[in-house]
Amino acid sequence: TPTPTPTPTPTPPPTTGTIFYIRDGGTSSSCSDWANACDTLPATLQRGATYYIADGTYGGYTFDDPNSGTSVITIKKATIADHGTNTGWQSTYGDGQANFTGNLQFATDYWVIDGSTRNEAVWNDGPSYGIKTTGVGTNYFWYGHAADNVTIKYLDIGADYGFQDSDSYGEGVYLGGFAEAVENWLVQRSYIHNVSALGQHAGVHNVTYEYNFMGPSWSKSGIRHQGRGSSVTIRYNIFRNACQGHISDPTAGYSCTAIVGWYGNAGSNNENYTNSQVYGN
């Protein structure tokens with residue numbers, strides 16, 4: 001049984017001048033308050049800013065704004081208790097889910113995606129999560145860089161709910177470092193379900209999964225490490241039906257190799273599979 005943790009204290013609103021507002025149906029381009037909200041995340045985001053996002057349906061998004069030192073961009077689900085300004089605010093903007101119908105991809109570093117809410121008594125209560133998306137990831141071959149220093153929390157990640165495999169399912173969290181290691185990812189208090197692999201790691205260092213509900217998923221392993229998988233911590237999660245084989249991968253054979261596995265030659269990279277821990281799940 002995972003160790004229970006208290007519900008975190010809501011994050012106070014950030015400094016005035018770095019807050020922007022996104023609402024499905026917004027008609028402004030300034031994003032300056034709820035009365036002048038933008039309909040979707042702008043193509044260019046501001047380093048050091050927080051973007052509050054209301055209930056509604058949004059497309060997938062690639063986070064690719066250039067780094068500025070260690071300055072973070074935060075995407076935060078607006079709630080009745082925490083929504084920045086009251087100007088133009090209506091409680092119906094914050095009592096449901098912001099649903100991204102595509103993946104959230106990362107091409108640059110220093111991001112926080114915070115869904116703000118979930119049902120702490122029932123971790124697989126999907127609609128209680130503030131943000132939903134089909135998948136999350138980064139890929140060196142797509143962007144020439146594998147994004148580092150990313151935190152995702154209170155996200156519902158995966159396809160529609162159900163207990164049957166689908167050939168259309170992709171990975172829940174895809175970290176493709178390949179030529180370089182994906183560094184410093186935290187996947188926390190999220191629900192990952194109806195995917196092939198829960199996590200596909202092709203070169204990672206210092207990645208943590210904690211307090212998540214994980215499954216159902218269909219692959220020969222739940223969280224899979226290849227190439228490099230060092231300093232990985234997997235703790236206090238609930239795994240359920242998390243390793244069942246996948247119809248698009250005949251080598252999986254509808255059997256489970258490992259719920260969490262490290263595959264390949266551990267000597268092929270320096271510190272390839274060192275300093276990893278799996279406990280409390």
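The values are calculated or read from the model by the stated rules, or taken from the named source; none is laboratory data. All figures in this text were calculated on a predicted structure; none of them were measured in a lab. All Cβ positions, even for glycine, are placed from backbone atoms using ideal geometry, and neighbour counts span all protein chains on display. Just so you know, the surface numbers come from the protein's heavy atoms only, side chains and all, with ligands and any DNA or RNA stripped out. Shrake-Rupley method; radii C 1.70, N 1.55, O 1.52, S 1.80 Å.
Could you tell me whether A266 is touching a Phe, Trp or Tyr at 6+ places or on another chain (Cβ under 6 Å), modelled with pLDDT under 85 and open to solvent by 60 Å² or more (accessible area, probe 1.4 Å)? For A266, the condition - touching a Phe, Trp or Tyr at 6+ places or on another chain (Cβ under 6 Å), modelled with pLDDT under 85 and open to solvent by 60 Å² or more (accessible area, probe 1.4 Å) - is not met. The residue pairs whose first member lies in region 203-230 and is basic (K, R), whose second member is buried (at least 24 other Cβ atoms within 10 Å of the Cβ), and whose beta carbons are closer than 6 Å, counting only pairs six or more residues apart or on different chains, are R224/A197; R228/A181. For residues that are polar (S, T, N, Q), closer than 20 Å to S32 by Cβ and touching a strand residue (DSSP E or B) at 6+ places or on another chain (Cβ under 8 Å), tally how many sit in region 80-103. Result for region 80-103: 1.
The single condition among (1) within 21 Å of the chain's Cα centre (by Cα); (2) surrounded by fewer than 19 Cβ atoms within 10 Å (Cβ to Cβ); (3) more than 25 Å from A146 (Cα to Cα) that N86 does not meet is (1). Scanning region 143-180 for residues that are part of a strand (DSSP E or B), open to solvent by less than 50 Å² (accessible area, probe 1.4 Å), within 18 Å of G60 (Cβ to Cβ) and not acidic (D, E) returns V150, I152, L155, I157, G158, V173, L175, G176.
The residues in region 89-108 that are of a type outside the set (S, T, N, Q) and surrounded by 21 or more Cβ atoms within 10 Å (Cβ to Cβ) can be counted, and the count is 7. Please determine whether any residue of region 142-155 is over 29 Å from I238 (Cα atoms) and in contact (Cβ under 8 Å) with a residue 60 or more places away in the chain. Yes, because at least one residue in region 142-155 is over 29 Å from I238 (Cα atoms) and in contact (Cβ under 8 Å) with a residue 60 or more places away in the chain.
If the condition is being open to solvent by 20 Å² or more (accessible area, probe 1.4 Å), part of a loop (DSSP other than H, G, I, E, B) and touching a residue at least 24 places away in the same chain (Cβ under 8 Å), then region 54-69 contributes D55, G59, G60, D64, P66, N67. The numbered conditions (1) under 20 Å from V204 (Cβ atoms); (2) in a strand (DSSP E or B); (3) not charged (D, E, K, R) are all true for Y51 except (1).
So that you can scan it fast, the table gives a plain yes or no per residue for (1) of a type in the set (A, V, I, L, M, F, W, C); (2) within 15 Å of W89 (Cβ to Cβ); (3) at pLDDT below 95; (4) touching a helix residue (DSSP H, G or I) at 6+ places or on another chain (Cβ under 8 Å):
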{"position": "P10", "(1), (2), (3), (4)": "no, no, yes, no"}
{"position": "P13", "(1), (2), (3), (4)": "no, yes, yes, no"}
{"position": "T18", "(1), (2), (3), (4)": "no, no, yes, no"}
{"position": "I22", "(1), (2), (3), (4)": "yes, yes, no, no"}
{"position": "G25", "(1), (2), (3), (4)": "no, yes, no, no"}
{"position": "S28", "(1), (2), (3), (4)": "no, yes, no, yes"}
{"position": "C31", "(1), (2), (3), (4)": "yes, yes, no, no"}
{"position": "T44", "(1), (2), (3), (4)": "no, no, no, no"}
{"position": "R47", "(1), (2), (3), (4)": "no, no, no, no"}
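Being in contact (Cβ under 8 Å) with a residue 60 or more places away in the chain and not in a loop (DSSP other than H, G, I, E, B), is that true of even one residue in region 109-130? Yes - at least one qualifying residue is present in region 109-130.
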